[in-house]
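Taken together, the values in this text are just the output of simple stated rules run on the coordinates, not laboratory data. Source: prediction; values computed, not measured. Quick reminder, even Gly has a Cβ in these numbers, built from the backbone with ideal geometry, and neighbours come from all protein chains shown.
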Amino acid sequence: MKIAVVPGDGIGKEVTPVAEEAVRHYLPDAEYLYAEVGYGRWERTGEAVTDEEINLLKESDAVLFGAITTVPHPDYRSVILRIRKELDLYANLRPVFGEGFDIEIVRENTEGLYSGIEEIGSERSTTLRVVTEKGSERIAEFACERAKVRKGEIVIGNKANVMKSDVLFRDTCTKVAKENGIASKPMYIDALALDVLMHPDRYDVIVTTNIFGDILSDVCGFLTGGLGTLPSGNYGENNALFEPVHGSAPDIAGKGIANPVAALRSAGMLLDYLGVDGAKKEIEEQIQALLNKGISTPDLGGDLNTADFGEMVIAGIMS
Ligand code: NAI
Ligand code: MG
């Protein structure tokens, strides 16, 4: 079994080793492959990721990913967007759970406003929002598979009232849900974003397009104490990549205080994907046990650093 480890930039370098240690505890005999990918690398060599590294990721059974800095430099393109595209990781699953709520945001990950099809000028710039029937069908199928093992319903986050491209998305999701015997309800994304915060207990699986899912999942960090807590999985037909929802957090990078919970939960999702029974649950129980005692990194009000919190979780799963 091959696991690729890509820490990336900023706090990605600080939280990924913690997550990797958890993975290594359950899979000591796996082959671990490392790729130095990201902005730091681009600054040094002019290349953020090479074709060989893309191939290494493709050949792995799963990728453990940190975070990458993306800057608006015209020659620098988002690495994570390229990786998601090249590995065709079309489904981004972002769980948000806590006391009294358990939500899964299913974000379409390859098209929408992040299609990368842009015309940039000084007086007029455009980004093409691509919605295809095939793309909408497969993300809807993914959401329905989740719904089948959960509450049997999906909410379709959209803005079809204003953007006609979302009519195709909404109607395709509705059709796929019907075919799967899953209840579905379309909601406009703006009202949905507020209602999820007001009534998180009313939501289960939410399927939506690329940028809406990106924003909605960060917004939901409000429910869980911030971005340091939210994990995600990116799934395709042949590959999967697991990463925190957060970015490289330059404001706290290098201080050793980043919360590793999002990365640890992502490690749990990776282990679950690779069929390691019980690992995800065990990691979560250890995280909860510490948080319930008020033991955490500063973002959640505690005073532990990244490494010490990580060590306590690892010690817990080893005991
Ligand atoms: P960010 O998610 O890196 O940080 C937003 C805020 O949340 C910051 O105040 C940060 O300190 C805090 N935060 C994030 N993760 C935390 C953690 N684990 N523990 C404690 N606090 C945490 O988003 P921002 O600042 O908008 O972007 C920074 C860079 O990351 C940009 O270059 C952006 O493009 C990139 N980015 C990369 C992503 C990826 O690699 N998948 C995702 C999102 C942003
Ligand atoms: Mg985001």
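Of the DSSP beta bridges with both residues in the stretch 97-228, give the percent that are antiparallel, rounding to the nearest 5.
Around 25 percent of the beta bridges assigned by DSSP in the stretch 97-228 are antiparallel ones.
Relative contact order for the stretch 1-76: what is it in percent, counting Cα pairs under 8 Å that are at least 6 residues apart?
The value is 50 percent.
Quick one: work out the % antiparallel among DSSP beta bridges in the chain, nearest 5.
45 percent
Taking Cα atoms of the stretch 96-153, Rg/Rh with Kirkwood Rh, to two decimals?
Result for the stretch 96-153 is an Rg/Rh of 1.18.
Which log10 I(q)/I(0) values does the chain give at q = 0.07, 0.10, 0.11, 0.15 Å⁻¹ under the Debye formula, counting every alpha carbon as one identical point scatterer?
-0.27, -0.56, -0.68, -1.28
Quick one: dipole size for the chain, taken about the Cα centre, charges +1 on Lys/Arg Cβ and -1 on Asp/Glu Cβ, in debye to the nearest 20.
In debye, rounded to 20, the chain gives about 800.
Which one of H246, H25, H73 has the biggest mean-square fluctuation once the chain is modelled by GNM with Cα springs under 10 Å?
Ranking H246, H25, H73 by mean-square fluctuation puts H73 first.
Can you pull out the chymotrypsin sites (Phe, Trp or Tyr not before Pro) in the stretch 52-146 whose DSSP state is coil and whose Cβ has at most 15 other Cβ atoms within 10 Å?
Listed in order of number, the matching sites are Y76.
Per the Cauchy relation, a quarter of the hull surface: what is the mean projected area of the convex hull of the alpha carbons in the stretch 89-200, in nm²?
8.2 nm²
Suppose the chain between A193 and N292 were pulled fully straight at 0.36 nm per residue; how much longer would it get relative to their current alpha carbon spacing?
32.9 nm
Which distance in nm do the two modelled labels at S125 and R44 give, with both placed 7 Å along the Cα-to-Cβ direction?
Here the answer is 2.9 nm between the modelled labels.
For the chain, calculate the relative contact order in percent as a whole number, restricting contacts to Cα pairs under 8 Å that are 6 or more residues apart.
Relative contact order for the chain comes out at 22 percent.
Figure the gain on full extension for D29 and N55 (residue separation times 0.36 nm, minus the Cα-Cα span) and round it to one decimal in nm.
Gain on stretching D29 to N55: 7.2 nm.
Out of the GluC sites (Glu not before Pro) in the stretch 74-134, which ones are loop residues according to DSSP with at most 14 other C-beta atoms within 10 Å?
E99, E123
Which ³J(HN,Hα) values in Hz, rounded to whole numbers, follow from the phi angles of the stretch 25-31 under the Karplus curve 6.51 cos²θ - 1.76 cosθ + 1.60, where θ = phi - 60° and Gly and Pro get x?
4, 7, 10, x, 9, 5, 8
If I stretch the segment between I211 and K281 completely, what's the gain in nm (0.36 nm per residue apart, minus their alpha carbon distance), one decimal?
Full extension from I211 to K281 adds 22.2 nm.
Quick query: amide H of I105 versus all other amide H atoms, modeled in the peptide plane; which residues come in under 5 Å with a sequence gap of 5 or more or a different chain?
When sequence neighbours closer than 5 places are left aside, the close amide H contacts are R94, V96, I206.
Apply the Karplus parameterisation 6.51 cos²θ - 1.76 cosθ + 1.60, with θ equal to phi minus 60°, to every residue of the stretch 70-81 and state each ³J(HN,Hα) to the nearest whole Hz, in sequence, with x for glycine and proline.
10, 10, x, 4, x, 8, 10, 9, 4, 5, 5, 5
Using θ = phi - 60° and the Karplus relation 6.51 cos²θ - 1.76 cosθ + 1.60, list the HN-Hα couplings for the stretch 119-132 in order, rounded to whole Hz, with x at every Gly or Pro.
So the Karplus estimates, Gly and Pro as x, are 10, 9, x, 7, 10, 8, 10, 10, 10, 7, 9, 9, 10, 10 Hz.
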